[in-house]
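What follows is a short report on a single structure.
The values are calculated or read from the model by the stated rules, or taken from the named source; none is laboratory data. All values derive from a computational prediction rather than experimental measurement. FYI the Cβ positions are ideal-geometry reconstructions off the backbone, even for glycines, and counts take in every protein chain you see. The protein model used for the area step is the full one, side chains on, heavy atoms only, and it has no ligands, DNA or RNA in it. Shrake-Rupley method; radii C 1.70, N 1.55, O 1.52, S 1.80 Å.
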Amino acid sequence: MRVPKRHPRYKSLRTREILSEMMERGIVARTGLIAHGRGEAFDYFLGERTPPEASLAASVAAFKLANARSPVISVNGNVAALAGKEIIKLSREIPAKLEVNLFHRSEGRIDLVVDFMESLGARGVLGRSARRRIPGLEQPRGRCSEGIYGADVVLVPLEDGDRAQALKAFGKLVIAIDLNPMSRTALVADVTIVDELTRSIPMLERHVRGAKAEPARYAKLVKGFDNHQNLLAVRDRMARRLMEESR
Ligand code: PTJ
């Protein structure tokens, strides 16, 4: 379907087209389309703009990633399809490993997503050989590679709640990107960026550069940060927007 650029919902319609093509190719899970729809609904409540709470969380996340011993970015089908290139840029800036780790895991899909990331220029993507296990998760969802297994900080964009919780219980510092500030992932993460994935990745990359250039300023933000309070502030922002008169 060709979407005219003038269409008021051009970006949203185009994104849906991309996701549905990526689903046909097996990169995005069928339920990835449903997850996206849920995300879109929450993005309405944000006015489809990055809220200040997300920039603050991204500053804190950037500092943690830039100062981590062994940071890893977990990539699933939706993330690869929506922000593959941007995720690669971010991983180089930190620098962090990339690991494909799927909720709806099959060897075939792992290969497809790793191949796709490599076709975008990623090197050394982990995930094909998943001999390790995240304790507390059943097979096959608990399988992971050395990257996530040995990481101290894990960035999990669009993650399922069980896995976020298991990673946390396993001692990882968990950074989530999730438009739903009430999701279990958002609640259990140490730092939750409530923003749309494609807006938040370039923002995170800018903050990683900032955290490297001005570590003292970013360290101060980290010290004063409370994820729970920050999530409440986003929920408040969404609720206020819901009550605003339509424009
Ligand atoms: O590729 P797989 O097999 O690993 O599966 C990926 C999905 C996303 C299907 C899987 O992890 C899943 O089912 O996730 P959930 O539990 O539906 O959680 C996804 C969360 O991401 C939800 O809270 C959505 O609101 C949120 N979300 C969806 N799209 C976006 C988003 N958050 C930020 N940006 C988005 N574009």
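Being without any contact (Cβ under 8 Å) to a residue 60 or more places away in the chain and not in a helix (DSSP H, G or I), is that true of even one residue in segment 194-206? Checked against the condition, which is being without any contact (Cβ under 8 Å) to a residue 60 or more places away in the chain and not in a helix (DSSP H, G or I), segment 194-206 yields no hits at all.
No other residue among Glu99, Glu24, Glu17, Glu86 is within 13 Å of the ligand (Cβ to nearest atom), more than 18 Å from Asn180 (Cβ to Cβ) and open to solvent by 20 Å² or more (accessible area, probe 1.4 Å) apart from Glu86. Applying the set (1) in a helix (DSSP H, G or I); (2) open to solvent by 30 Å² or more (accessible area, probe 1.4 Å) to Ser91 leaves exactly one unmet item: (2).
Residue count for segment 28-65 satisfying the condition of being more than 8 Å from the ligand (Cβ to nearest atom) and open to solvent by less than 30 Å² (accessible area, probe 1.4 Å): 12.
Given the criterion outside any loop (DSSP other than H, G, I, E, B), open to solvent by 10 Å² or more (accessible area, probe 1.4 Å) and either aromatic (Phe, Trp, Tyr) or more than 15 Å from Ile177 (Cβ to Cβ) (or both), identify the matching residue among Arg109, Arg105, Arg69. Selected residue: Arg109, the only one of Arg109, Arg105, Arg69 that is outside any loop (DSSP other than H, G, I, E, B), open to solvent by 10 Å² or more (accessible area, probe 1.4 Å) and either aromatic (Phe, Trp, Tyr) or more than 15 Å from Ile177 (Cβ to Cβ) (or both). Out of Ser200, Ser183, I need the residue that is under 28 Å from Glu48 (Cβ atoms) and either open to solvent by 10 Å² or more (accessible area, probe 1.4 Å) or at pLDDT below 95 (or both). Which one? That would be Ser183, the only listed residue that is under 28 Å from Glu48 (Cβ atoms) and either open to solvent by 10 Å² or more (accessible area, probe 1.4 Å) or at pLDDT below 95 (or both). Candidates Ala186, Ala166: the one that is within 16 Å of the ligand (Cβ to nearest atom), of a type in the set (A, V, I, L, M, F, W, C) and under 17 Å from Arg38 (Cβ atoms) is Ala186. You will find that of Leu137, Leu155, the residue that is open to solvent by less than 60 Å² (accessible area, probe 1.4 Å) and over 19 Å from the mean Cα position of the chain (by Cα) is Leu137 and no other.
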